[in-house]
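Read through the structure below, which is laid out as structure tokens, and then see the notes.
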Amino acid sequence: METRQTKTTLTFDQIPEAVAYLVDEVAKIKELVRIQIHTEPEKRLPISIQQASKVIGKAIQTIYGLVSAKQVPFYKRGKQLYFYEDELLEWIQNGKNGSNTNPEQ
């Protein structure tokens, strides 16, 4: 972590202004820390096969086929299938055949 240190000579008359500035900066840091501590992580909620169909633009029967072939990320509880939207979008981005589709390369 790089820090910048500059030597500043303060006069006696500038000390109150400098202290006020530091108090303000500390208050900002405290607020940022408070927000960070009290912010709950975003919960990932599973989606249904109907919602997954809309996310990836495939028919429900097609998704059943992809699940059967284990080609799409899914979770199963009993007879119910669940998906996570972020995993489906990542699956689309990575491509079905596992080839490198990164446009930056």
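The values are calculated or read from the model by the stated rules, or taken from the named source; none is laboratory data. Since the model is a prediction, treat every value here as computed from it, not as a measurement. Cβ: placed from backbone, ideal geometry, glycine included. Neighbour counts: every protein chain shown.
Values computed for the structure shown
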item: Answer from I63, I15, I35 - the residue that is without any contact (Cβ under 8 Å) to a residue 40 or more places away in the chain, exposed (fewer than 10 other Cβ atoms within 10 Å of the Cβ) and β-branched (V, I, T); result: I35
item: Selected residue (criterion: farthest from S48 (Cα to Cα)) from residues of the stretch 66-79 that are of a type outside the set (A, V, I, L, M) and surrounded by 15 or more Cβ atoms within 10 Å (Cβ to Cβ); result: P73
item: Counted residues, the stretch 1-11 - those being of a type in the set (S, T, N, Q) and modelled with pLDDT of 85 or more; result: 2
